[in-house]
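The values are calculated or read from the model by the stated rules, or taken from the named source; none is laboratory data. Computed from a predicted structure; not experimentally measured. Reconstructed Cβ throughout: ideal geometry from the backbone, glycine too, with neighbour counts over all protein chains shown. These accessible areas exclude ligands, DNA and RNA; they are computed on the full protein's heavy atoms, side chains included. Shrake-Rupley method; radii C 1.70, N 1.55, O 1.52, S 1.80 Å.
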Amino acid sequence: MSDSLYIIEKMKQKRWIDKLEQTGNLEREAWISLFSEYDEEDQAYAAQKARAIAGYFFGNQIYIRGLIEFTSYCRNNCYYCGLRRDNEKAERYRLTAQEILSCCERGYTLGFRTFVLQGGEDLWYTDDRMEALIRQIKKKYPDCALTLSVGEREEASYRRWYEAGADRYLLRHETGEEAHYAVLHPQEMSLARRKDCLRQLRGIGYQTGCGFMVGSPGQSAETLAEDMAWIKELGPHMIGIGPFIPHKDTPLGKAAQGNYRLTLFLLSLLRIMEKQVLLPATTALGTIHPEGREAGILAGANVVMPNLSPVSVRKKYAIYDGKKHTGEEAAEGIENLRRRLKRIGYEIVSKRGDWEER
Ligand code: SAH
Ligand code: SF4
């Protein structure tokens, strides 16, 4: 390639990033071009814009969410996840309502004003039980937001729980492309159903989060372009992304781990595209790199989700190998995390941190 052609090629990526900033969207071909060839300079260019946008909307404030992993039972068989029902080695547990309330109590004292109830798709938690749990938590902590992340359920159930006081719902779409969805999930699961759930949740009034794993087996520039298109269509309030990390007792246990740099680049692009979105630097990102969380924030994230689950069950909630369970990702490590984020110029705040039109 001649020098001038090389320079034009290189400028192309930055021009896509500029266009994304100005219009909040890119055509499929542009996304594919961007994901197919980018370099460190492009990443730094995107990160700098993303940080400026996050700074404009959130200042130097970082919202915290207390994650309560309340059940490790799951009726699904996602090929990537250690909690899948066919993994006989998985240790199963369920927290009682009392144990969950104790987690909230500890979290409240530590300054958390959002609790996230996350678990496998566990039908022991019937609509009634979920509703009772939600009411108990909201009654005791009326000033806190409650987020649910319990997978695909009926619209009527989502509605009941919303009416009982749940505020937000996280349901990653995992990939925006049908064929890729089938690489990651057995036939009984479908992207169409997933998308329906997300539309229902949004329609009911939940602050709704979608998202995907970065570097999941079969992911490509084309499938990522579909992710971006779906996110644009849904208009989520939150987006959760983190690297795919293999779990040895799953069908995808020998696949390669997701790329750290690409995860950071995607965080930046998501911030530039969906400017006010709530964007966590996830535990998975902190798992594959000791400074993953800080790097995520410097790439445009504005949320962290420390673990509030009882220490005794943390190891059992093994969705991927090497998941941390004793350090700064844990709620007890909040002071440490506070110091680390302060070092890079950010401050953890004790607020609900709702999505709002800013
Ligand atoms: N059962 C619920 C919530 C728990 S799983 C659900 O599936 O929505 C939460 C998220 O963990 C999933 O959406 C998936 O994106 C992520 N996850 C599962 N296995 C993973 C792995 N091996 N590596 C990285 N993330 C994983
Ligand atoms: Fe179950 Fe969620 Fe894991 Fe799928 S990703 S197996 S639904 S816990």
* Among the residues of the stretch 69-107 satisfying the criterion of being of a type in the set (D, E, K, R) and over 26 Å from Asp321 (Cβ atoms), which is farthest from ligand 2 (Cβ to nearest atom)? -> Glu105
* Determine which member of the set Tyr181, Tyr108, Tyr125 is touching a Phe, Trp or Tyr at 6+ places or on another chain (Cβ under 9 Å) and over 30 Å from Arg338 (Cα atoms). => Tyr125
* **Residue match in the stretch 5-24 (condition: among the acidic types (Asp, Glu), open to solvent by 20 Å² or more (accessible area, probe 1.4 Å) and modelled with pLDDT of 95 or more)** => yes
* To do: For Leu262, indicate whether it is buried (at least 19 other Cβ atoms within 10 Å of the Cβ) and assigned to a helix (DSSP H, G or I).
  => no
* Structure fact -> Glu174 passes all but one of the listed conditions (1) over 23 Å from Thr283 (Cβ atoms); (2) within 13 Å of ligand 2 (Cβ to nearest atom); the exception is number (1)
* Answer from Gly24, Gly66 - the residue that is in contact with a helix residue (DSSP H, G or I) (Cβ under 9 Å, 6 or more places away or on another chain), at positive phi and not hydroxyl-bearing (Ser, Thr, Tyr) -> Gly24
* Asked: Which condition number does Ala164 fail, the rest of (1) open to solvent by less than 20 Å² (accessible area, probe 1.4 Å); (2) more than 14 Å from ligand 1 (Cβ to nearest atom); (3) closer than 22 Å to Gly235 by Cβ being met?
  -> (3)
* To do: Determine, yes or no, whether Ala46 is among the small types (Gly, Ala, Ser), within 16 Å of ligand 2 (Cβ to nearest atom) and in contact with a Leu (Cβ under 7 Å, 6 or more places away or on another chain).
  => no
* Asked: Just for the stretch 197-215: of the residues that are in a strand (DSSP E or B) and within 11 Å of ligand 1 (Cβ to nearest atom), which one is farthest from the chain's Cα centre (by Cα)?
  -> Val214
* Complete set of residues in the stretch 328-345 that are open to solvent by less than 30 Å² (accessible area, probe 1.4 Å) and either among the hydroxyl-bearing types (Ser, Thr, Tyr) or modelled with pLDDT under 90 (or both) -> Glu329, Ala330, Ala331, Gly333
* Confirm whether Gly82 is within 16 Å of ligand 1 (Cβ to nearest atom) and of a type outside the set (Lys, Arg). => yes
* Arg194 within 17 Å of the chain's Cα centre (by Cα), on the phi < 0 side of the Ramachandran plot, within 13 Å of ligand 1 (Cβ to nearest atom) and not in a strand (DSSP E or B) -> yes
* Asked: Which ones in the stretch 94-131 are open to solvent by 20 Å² or more (accessible area, probe 1.4 Å) and aromatic (Phe, Trp, Tyr)?
  -> Tyr108, Trp124
* Looking at Leu341, is it farther than 18 Å from Asn60 by Cβ and part of a helix (DSSP H, G or I)? -> no
* Structure fact -> Filter the stretch 242-251 for residues that are in contact (Cβ under 8 Å) with a residue 60 or more places away in the chain and either closer than 10 Å to Tyr320 by Cβ or not in a loop (DSSP other than H, G, I, E, B) (or both); the one that is most open to solvent (accessible area, probe 1.4 Å) is Lys248
* Could you check, for the stretch 134-141, whether at least one of its residues is touching a helix residue (DSSP H, G or I) at 6+ places or on another chain (Cβ under 6 Å), crowded, with 21+ Cβ neighbours inside 10 Å and free of Cβ contacts under 8 Å to residues at least 24 places away in the same chain? => no
* Asked: Considering only residues of the stretch 108-156 that are polar (S, T, N, Q) and within 14 Å of ligand 1 (Cβ to nearest atom), which is nearest to Arg314 (Cα to Cα)?
  -> Gln118
* Structure fact -> Every listed condition ((1) outside any loop (DSSP other than H, G, I, E, B); (2) open to solvent by 30 Å² or more (accessible area, probe 1.4 Å); (3) β-branched (Val, Ile, Thr)) holds for Val313 save (2)
* Quickly run through the stretch 285-306 and pick out the residues that are open to solvent by less than 10 Å² (accessible area, probe 1.4 Å) and in contact (Cβ under 8 Å) with a residue 60 or more places away in the chain. => Ile297, Ala299, Gly300, Ala301, Asn302, Val303, Val304, Pro306
